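Enquirer: Mind having a look at this structure? Questions to follow.
The values are calculated or read from the model by the stated rules, or taken from the named source; none is laboratory data. Bear in mind that the values here come from a model prediction, so they are computed numbers and not experimental data. Because the Cβ atoms are built from the backbone with ideal geometry, glycine has one as well, and the counts that use them run over all protein chains shown. Accessible surface is based on the protein model in full, side chains and every heavy atom, while ligands, DNA and RNA are left aside. Shrake-Rupley method; radii C 1.70, N 1.55, O 1.52, S 1.80 Å.
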Amino acid sequence: MTTKPTKSTKENIKEAATKLFAKKGYSGMTIREIANEVGIKPPSVYAFFEGKDDIFLAVYKDALNGHLSIVESQFKNNQSKKVQLYSILKSAIDFQYKEDLKAKIIVRLMTSPPEIIKEDIIKRFGSMELNEYKILSEIFRQGIENGEIKECDSHALALSFQCIMDGLFWQMHRHSEEEIYARLDITFNQFWNGIEK
């Protein structure tokens, strides 16, 4: 009989910090609270992280990497460009619902980042967004080249698509899950009808 591997202490620390940050905010929680949530002594946290800032940057990085990996995986799936693009949007929404706490952290860190890590947060988000843009731009370039998408500027299409992604992400905080998936279909179909060859 095989046993399911347990999470590492480092992963448990990040998970506890995610929960507490989503609930209390960056300044409203402490290393002691994180340690208590994990069931370790506060000094043990420092064996894995330099401090609270380091923990939150790791959590933020994981959330951004999770989002980017969705875009990358759909790019590699060898489907039509229409299917790839729709799947990117749907998978991103699925990820946000599945990883609700990470989504809340992204919102909190983007709208009111702690001053001490603000520059690093902006830099990491910019890097993720640039990588996402490059993948999207390539999807559109290939779609134009293979005749699925009419002659357009792939740069403009990639930026427009990122705005659709951002818009759906922000709407998730105001509408029901059912409504978001309905809006996804409407928005994507309008976008695709405008660029389809």
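Enquirer: Test of understanding: what is the full-extension gain from GLU177 to ASN146, defined as 0.36 nm times their sequence separation minus their Cα-Cα distance?
Expert: Working: separation 31, 0.36 × 31 = 11.16 nm, distance 3.46 nm.
Stretched fully, the GLU177-ASN146 segment lengthens by 7.7 nm.
Enquirer: Give LYS61/LYS104; LYS76/LYS104; LYS90/LYS118; LYS7/LYS90; LYS19/LYS134 a once-over and call out the pairs whose C-alpha atoms are over 21 Å from each other.
Expert: Values: LYS61/LYS104 14 Å; LYS76/LYS104 28 Å; LYS90/LYS118 29 Å; LYS7/LYS90 28 Å; LYS19/LYS134 32 Å.
Long pairs (Cα-Cα over 21 Å): LYS76/LYS104; LYS90/LYS118; LYS7/LYS90; LYS19/LYS134.
Enquirer: Find how many whole Å separate the alpha carbon centroid of segment 29-55 from the alpha carbon centroid of segment 125-197.
Expert: The two parts, judged by their Cα centres, are 39 Å apart.
Enquirer: Could you tell me how many degrees, from 0 to 90 and to the nearest 10, lie between the Cα long axis of helix 118-145 and the main elongation axis, the longest principal axis, of the Cα atoms of the chain?
Expert: Long axis of 118-145 versus the principal axis of the chain: about 30 degrees.
Enquirer: Kindly express, to the nearest 10 degrees and within the range 0 to 90, the angle between helix 100-111's C-alpha long axis and the longest C-alpha principal axis of the chain.
Expert: 90
Enquirer: So for the chain, averaging the separation of alpha carbon pairs under 8 Å that are six or more residues apart and normalising by length, what relative contact order in percent results?
Expert: Details: 147 pairs, mean separation 38.1, N = 197.
Value for the chain: 19 percent.
Enquirer: Give me, ordered by chain and number, the residues 5 or more places off ILE149 or on other chains with an amide H under 5 Å from its own placed amide H.
Expert: Counting only residues 5 or more places away or on other chains, the set is ILE144, LYS197.
Enquirer: If you plug each phi of segment 7-22 into the Karplus form 6.51 cos²θ - 1.76 cosθ + 1.60 with θ = phi - 60°, what whole-Hz ³J(HN,Hα) values come out, in order, with x for Gly and Pro?
Expert: Along segment 7-22, the couplings run 5, 6, 4, 4, 5, 5, 5, 5, 5, 5, 4, 4, 4, 5, 5, 4 Hz.
Enquirer: So for segment 111-189, Kirkwood radius off the Cα pairs, Stokes-Einstein at 20 °C and 1.002 mPa s: how many µm² s⁻¹? Walk me through the numbers before you get to the answer.
Expert: Values: Rh = 14.6 Å.
Calculated translational D: 147 µm²/s.
Enquirer: If you don't mind, there's one more thing I want to ask. I need the Kirkwood Rh of segment 1-93: take the reciprocal of the average 1/r across all distinct C-alpha pairs and report it in angstrom. Present the calculation step by step, with values, prior to reporting the outcome.
Expert: Details: mean 1/r = 0.0653 Å⁻¹.
For segment 1-93, inverting the mean 1/r across all distinct Cα pairs yields 15.3 Å.
Enquirer: Find which of ASN65, ILE105, ILE93 sits farthest along the positive direction of the dipole of segment 50-121, computed with +1 on the beta-carbon of Lys and Arg, -1 on that of Asp and Glu, about the Cα centre.
Expert: ILE93
Enquirer: How large a share of the accessible area of the chain, in percent, is made up of carbon and sulfur atoms when the probe is 1.4 Å and the other protein chains stay in place? All intermediate terms of the calculation are to be shown ahead of the outcome.
Expert: Numbers: 5590 of 11050 Å².
Carbon-and-sulfur percentage of accessible area, whole number: 51.
Enquirer: Which value, in Å², gives the accessible area per residue of segment 1-117 when a 1.4 Å probe is used on the protein heavy atoms?
Expert: Values: 6460 Å² over 117 residues.
Ligands and nucleic acids excluded, the figure is 55 Å² per residue.
Enquirer: Now for a different question. Which value, in debye to the nearest 20, describes the size of the charge dipole of segment 96-197 about its Cα centre when Lys and Arg Cβ atoms bear +1, Asp and Glu Cβ atoms bear -1, and nothing else is charged? The partial results should precede the final answer.
Expert: Details: 13 positive and 18 negative charges, 57 e Å.
Here segment 96-197 has a charge dipole of around 280 debye.
Enquirer: Going by alpha carbons, how many degrees (0 to 90, nearest 10) lie between the helix axis of 177-195 and the longest principal axis of the chain?
Expert: Between the helix axis and the principal axis of the chain, the angle is about 40 degrees.
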